[in-house]
Amino acid sequence: MAQTRITVETRGPGLYDFTRSALDFVRRNSSGADGLLTCFVRHTSASLIIQENADPDVLADLSEFFSRLAPAGHHPSMGWLRHTTEGPDDMPAHIKAALTASSVAIPVTGGRLALGTWQGLYLFEHRDAPHEREIVLHLSP
C-alpha cells in the first residue's frame, strides 16, 4: 500500500490532466503487481473525471456543457441561489462537483494503470479564480 498527495495548479475553469503524475506514482510503488489506484480530490468545488485525452475539443465541449448546465450565479436562471457569499461562481461550482465525482478508481494490472487507449485522468476545476487543488493518490494491493 502507498499513498501520496499531488497538487494541481489551475488557472480557472477547465480540465487539467494529471495522468502522468498518477502513472509515475503507480510505476514507483506497484512492484509490477495488480492492485487499485484511488484518486480523491480534497475540495468541494472541483472534481475528478476520466475522459478522452486525444481530441481537445472533447474537453472544451464538456466545459461548455457544464457552464450551460450551471451558469454563474448572476445569470437570470440562477436567481434562486441562496449560497452567494463566496461569489457568483461558487454555488454553480458545487453543483458541477455534485454531478461529477470526488474520486475515481482505476485498476492496476501488472504494475500499470488499466486505462484505455484514449483515457486520461483530469481534475475538473469549476471555480473562476486560480487554485491549488490537492489530490490524494492511494495505491492498494
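The values are calculated or read from the model by the stated rules, or taken from the named source; none is laboratory data. Not measured: the values here are computed from a predicted model. Neighbour counts are summed over all protein chains in view; Cβ atoms, including those assigned to glycine, are modelled from backbone coordinates with ideal geometry.
Looking at the stretch 41-60 only, could you name the residues that are under 21 Å from His131 (Cα atoms), surrounded by 18 or more Cβ atoms within 10 Å (Cβ to Cβ) and not aliphatic (A, V, I, L, M)?
His43, Ser45, Ser47
Leu23 passes all but one of (1) over 13 Å from the mean Cα position of the chain (by Cα); (2) surrounded by 14 or more Cβ atoms within 10 Å (Cβ to Cβ); (3) not in a helix (DSSP H, G or I); which number fails?
The number of the failed condition is (3).
Among the residues of the stretch 95-141, how many are basic (Lys, Arg), under 19 Å from Arg11 (Cβ atoms) and in a strand (DSSP E or B)? So that I can check it myself, show each step before the final result.
Of the residues in the stretch 95-141, the ones basic (Lys, Arg) are 96, 112, 127, 133.
Next cut, under 19 Å from Arg11 (Cβ atoms) only: 96, 127, 133.
Imposing the further condition that a residue be in a strand (DSSP E or B) reduces the set to 133.
Final tally of qualifying residues: 1.
Which one of the conditions (1) assigned to a helix (DSSP H, G or I); (2) in contact (Cβ under 8 Å) with a residue 12 or more places away in the chain; (3) surrounded by fewer than 12 Cβ atoms within 10 Å (Cβ to Cβ) does Ser31 fail to meet, given that it meets all the rest?
(1)
Quick test of your reading of the structure: Pro56 fulfils all but one of (1) over 18 Å from Gln119 (Cβ atoms); (2) out of contact with any strand residue (DSSP E or B) (no Cβ under 7 Å at 6 or more places or on another chain); (3) at pLDDT 95 or above. Name the failing condition by number.
(1)
Given the residues Ser31, Ser67, Ser47, which is the only one that is closer than 20 Å to Glu9 by Cα and of a type outside the set (D, E, K, R)?
Ser47
Tell me which residues, restricted to the stretch 46-89, are part of a helix (DSSP H, G or I), free of Cβ contacts under 8 Å to residues at least 12 places away in the same chain and under 30 Å from Gly120 (Cα atoms).
Pro56, Asp57, Val58, Ala60, Asp61, Glu64, Phe65, Arg68
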